[in-house]
Amino acid sequence: MRGFDCRTGELFSYVDLEERVPRNHPLRLIRRIVNEVLVALDGEFSELHASEGRPSIAPERLPRALLLQAFYSIRSERQLMEQLDYNLLYRWFAGLGVDEKVWVPTVFTKNRDRLLEADVARKFLAGLLAHKEARALLSDEHFSAGGTQIAAWASMKSFQAKDGSDRPPSGGRNGERDFHGAQRGNETHASATDPEAKLYKKGKGKEAKLSYMGNVMTENRNGFVVETEPRQVSGTVEREAAKEMIVRYSPGAKRITLGADKGFDTAGFVAGMRALNVTPHVAQNTAHRCSAIGRRTTHHPGYAISQRKRKRVEEPFGWGKTIGGLARPMLRGVKKLDFKFTLTMAAYDLIKLPRLMAMNA
């Protein structure tokens, strides 16, 4: 007998979210580890809120929801709220019940900004790496560093002279302008919508665009991101960020190695690394000058291994831009980008865990 294509309303709901999520779903393991890391941040969350007043969004739910945004390429927080409303898997992971109302996007964003003030994304990444199941998969001696250009949420039309000399007398924001022959640079021009973004191009033959630089340090065993440092762009930003990440992660207590591309092959950077008890396994740049990396480093078998492993530093950048929403984040300013970038790199580490833990079981 043919069934009927009609639906009757339900008076009661008996949906159990735990039963709806398959027992072998990879998000089960990820959610357990995320919850254990968030428990360790309970003190940080308590300091963010007053003891009286109206209850806010539970701070533990905010990182879980934002991790979903990275896992499933949800382009905006408004769309995230929409999908949380009807997707049972998302509700289960974020900690929402079937009948709970989803947050208003503006309220969610306001509560998310509180996490920026407490640097929760960086503390979450540190807590994840300290987790016993993740820590067992990390190398504690061999690392790599690199950076990637991140497009700013600002158009070239907003890149205007600081003295206002190139603004059209009429026509508003869409008035006719002739850019042919115009010289524009970061010293004389700035974006009206994102003043912290700088005009930059990553290499020869590339177009210059308003950008930031996302820098990471990865460990060489499985390619986990262990440190992040988003910054404004400059010609030396990758080397400066690498030093900052080294000091923060391993301040000279133990000798480690650091692999990097030939852009790091400068006398100042190499000397700085050795002063920090770091062996610089940097690719030699011999195109126009002598390399700062001598034979005492290159003859060692570990140098060749580091040069092979360092290429894995590009993997989190690729995942972050194609999946995690870093191709052009809908955020303005270094502070907000830092939070988004760091949490996305933590999401990258999390998606690696189920497979690696199964392999090492």
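Can you name the residue in segment 243-269 that is outside any helix (DSSP H, G or I) and in contact with a Gly (Cβ under 8 Å, 6 or more places away or on another chain) and, of all such residues, is farthest from L129 (Cα to Cα)? That would be D261.
Looking at segment 124-138, is at least one residue within 15 Å of L38 (Cα to Cα) and in contact with a strand residue (DSSP E or B) (Cβ under 8 Å, 6 or more places away or on another chain)? Yes, segment 124-138 has at least one match.
Okay, residues lined up against (1) modelled with pLDDT of 90 or more; (2) surrounded by 19 or more Cβ atoms within 10 Å (Cβ to Cβ):
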residue	(1), (2)
T8	no, no
D16	no, no
P26	yes, no
D42	no, no
E47	no, no
S51	no, no
I57	no, no
I74	yes, yes
R91	yes, yes
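Somewhere in segment 318-339, is a residue in contact with a helix residue (DSSP H, G or I) (Cβ under 7 Å, 6 or more places away or on another chain), surrounded by fewer than 17 Cβ atoms within 10 Å (Cβ to Cβ), farther than 13 Å from P230 by Cβ and modelled with pLDDT under 95? Within segment 318-339, one or more residues are in contact with a helix residue (DSSP H, G or I) (Cβ under 7 Å, 6 or more places away or on another chain), surrounded by fewer than 17 Cβ atoms within 10 Å (Cβ to Cβ), farther than 13 Å from P230 by Cβ and modelled with pLDDT under 95.
The residues of segment 210-230 that are surrounded by 19 or more Cβ atoms within 10 Å (Cβ to Cβ) and not hydrophobic (A, V, I, L, M, F, W, C), listed by number, are S211, Y212, G214, N215, T218, E219, N220, G223, E227, T228, E229, P230.
Among the residues of segment 234-267, those that are of a type in the set (A, V, I, L, M, F, W, C) and either surrounded by fewer than 22 Cβ atoms within 10 Å (Cβ to Cβ) or over 23 Å from the mean Cα position of the chain (by Cα) (or both) comprise V237, M245, V247, A253, I256, A267.
The values are calculated or read from the model by the stated rules, or taken from the named source; none is laboratory data. Given the structure is predicted, the values throughout are model-derived calculations rather than measurements. Because the Cβ atoms are built from the backbone with ideal geometry, glycine has one as well, and the counts that use them run over all protein chains shown.
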